[in-house]
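**Q** One structure coming up, written as structure tokens, with questions to follow.
The values are calculated or read from the model by the stated rules, or taken from the named source; none is laboratory data. Keep in mind that this is a model prediction, so the values were computed, not measured. Reconstructed Cβ throughout: ideal geometry from the backbone, glycine too, with neighbour counts over all protein chains shown. Remember, those area values only see protein heavy atoms, side chains included, never the ligands or the DNA or RNA. Shrake-Rupley method; radii C 1.70, N 1.55, O 1.52, S 1.80 Å.
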Amino acid sequence: MNPMKIAIAVLLAAAVPAQAFATDREAGESGSAELVRRIDASLRSAAEFLCSAQSKDGSWRGESYGCFRDGHALTPYVMSSLFFMPQGGEAAKRAFMKGVDFLMSFVDRQGRLVEPARGFEFPVYTSAMAGRVVVLANRDKDHLAGQKAWLGFLLERRLGSALRWDRSDTDFGGFGFSVLKPRKPRPGEPPENFFESNLSATVFGIAALRSAKTPQDDSVYAEILEFVYRCQNYQDDPDKLDPKFDDGGFFFRPGDPLQNKAGVAGTDRSGRQRFVSYGTMTADGLRALVRCGLPLNHPRVAAARAWLERNWSASTHPGAFPGDREVLRESTYYYWCWAAAHAFQAVNARLIDSSSGRVDWATAMAKELL
């Protein structure tokens with residue numbers, strides 16, 4: 001059993017509730033009662049599986065990868081799936097509340113987060129979602145204190161001014177994968193592994209901030225946007241536009257040929273190494289722009305949305321992957337489904353103008369997942 005794969009697929013389905021297919025007249029025949037029935041049956045089956053995979057302590061533990069066996073990383077994501085699936089019934093509600101108790105067990109009576117002896121394998125991903133799910137069913141004093149503890153732990157890992165990163169640093173503003181609290185390397189000192197900011201971790205950090213109702217005018221969003229901008233193939237100055245590279249899409253992080261799954265696109269006119277735009281990161285980037293406060297008609301938002309619509313696919317992860325990177329395309333297919341669903345919801349899009357014509361993306365993707 002692999003709870004992570006099921007959870008990601010369920011997150012998509014939960015983001016596109018079955019009721020939408022029955023009420024959206026523009027969906028036409030594709031929004032038939034039969035499709036709704038199949039979606040509900042799929043979600044019910046997924047919920048039953050997830051409930052059956054829960055450990056006695058309320059966590060969910062992976063069986064395939066050692067880094068998912070501790071229960072910290074998977075649990076909040078499975079919980080988010082279950083909470084938004086009414087098809088799971090009372091069993092899903094009980095499993096969810098048991099998961100809340102597990103995550104709250106890391107918060108002491110003084111409202112401080114107590115890390116396990118070996119720490120968290122994925123501190124940013126774990127804390128970002130944990131702080132969100134512990135208050136979904138109950139926003140009382142204790143659970144709000146739990147959210148605050150998880151959020152505080154998360155923010156201690158953002159590469160911003162509080163950790164002595166400044167605006168001239170490529171990683172300024174974002175979140176990364178560092179297991180330990182990030183520390184800015186001194187001149188000539190080798191950096192820690194994976195401490196640097198990346199767009200995926202950053203969009204989860206943004207979600208945690210929004211869940212905690214961090215005011216939109218908080219300076220944290222402006223700092224995060226500076227990193228997000230660096231991950232977009234876009235030029236604010238039209239005179240500096242390079243059509244070969246500036247397509248409006250996004251990549252994982254600047255200056256890293258290895259971690260950008262779609263690889264290097266080439267060198268632009270200024271001699272700067274550029275990276276290929278691809279689906280998961282463009283969906284994350286679009287959502288990051290909007291959740292950090294940019295209006296839907298902002299040029300960067302419009303450019304990212306246009307890339308997603310132009311390159312849209314329900315059956316494969318889009319992007320011009322070079323031949324030596326093609327093997328990586330489908331490794332993040334479920335992430336693509338999840339990210340695209342949330343991105344199109346963020347810009348209130350249901351019907352999109354793809355390269356093959358107008359598409360009801362939710363119906364097409366739901367059918368593909370089924």
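**Q** Quick one: putting +1 on the C-beta of Lys and Arg, -1 on the C-beta of Asp and Glu, what dipole do you get for region 214-273 around its Cα centre, in Debye to the nearest 20?
**A** 420 debye
**Q** Follow-up. Tell me, what is the percent relative contact order of region 240-356, built from C-alpha pairs under 8 Å that lie six or more residues apart?
**A** Dividing the mean separation by the residue count of region 240-356 yields 28 percent.
**Q** Another question about this same structure. Could you give the length gained on full extension between residue 33 and residue 219, defined as 0.36 nm per residue of separation minus the Cα-Cα distance, in nm?
**A** So the chain would gain 62.3 nm between residue 33 and residue 219.
**Q** Please work out whether the chain counts as rounded, prolate or oblate from its C-alpha gyration tensor, where a ≥ b ≥ c are the square roots of the eigenvalues and a/c under 1.5 means rounded, while otherwise a/b larger than b/c means prolate and anything else oblate?
**A** Since a/c reaches 1.5 but b/c is at least a/b, the shape of the chain is classed as oblate.
**Q** Mind giving me the FRET efficiency for residue 156 and residue 310? R0 is 41 Å, r the Cβ-Cβ distance, nearest 0.05 is fine.
**A** 0.55
**Q** For the chain, what is the calculated [θ] at 222 nm in deg cm²/dmol (nearest 500), taking -39500 (n - 2.57) for each run of four or more DSSP H residues and dividing by its residue count?
**A** Per the formula, -14000 deg cm²/dmol.
**Q** Moving to a separate point now. If R0 is 51 Å, what FRET efficiency do you get for residue 110 and residue 351 from their C-beta distance, rounded to 0.05?
**A** 0.50
**Q** Residue 223: net charge of surrounding residues, Cβ under 9 Å, Lys/Arg +1, Asp/Glu -1, itself excluded?
**A** So the environment of residue 223 carries a net charge of +1.
**Q** Sticking with this structure for a sec: Quick one: grab the alpha carbon gyration tensor of region 102-188, order the square roots of its eigenvalues as a ≥ b ≥ c, and give me rounded if a/c is under 1.5, else prolate or oblate depending on whether a/b is larger than b/c.
**A** prolate
**Q** Same structure again: When the chain is fully extended, how far beyond the present Cα-Cα distance does residue 55 get from residue 90, taking 0.36 nm per residue of separation?
**A** 10.8 nm
**Q** Placing unit charges on C-beta atoms (Lys and Arg positive, Asp and Glu negative, everything else neutral), compute the dipole magnitude of the chain about its Cα centre in debye, rounded to 20.
**A** It comes to approximately 640 debye.
**Q** Starting from the Cα of residue 240, draw a straight line to each of the aspartates and glutamates and keep only those under 17 Å, dropping any in the same chain fewer than 8 residues away.
**A** Once the sequence-local aspartates and glutamates are set aside, what remains near residue 240 is 268.
**Q** Please get the size of the charge dipole for region 40-183, origin at its Cα centre, with Cβ charges of +1 on Lys and Arg and -1 on Asp and Glu, quoted in debye to the nearest 20.
**A** Roughly 300 debye, rounded to the nearest 20.
**Q** Summarise the accessible area of the chain (1.4 Å probe, protein heavy atoms) by the percent that is carbon and sulfur.
**A** 52 percent
**Q** Among the lysines, which fall within straight-line cross-link reach of residue 148, defined as a Cα-Cα distance under 30 Å, with same-chain neighbours fewer than 8 residues apart omitted?
**A** List returned: 5, 56, 93, 98, 181, 184, 213.
**Q** What is the extension gain from residue 65 to residue 180, computed as 0.36 nm multiplied by their sequence separation minus the C-alpha to C-alpha distance, in nm to one decimal?
**A** My answer for the length gained is 39.4 nm.
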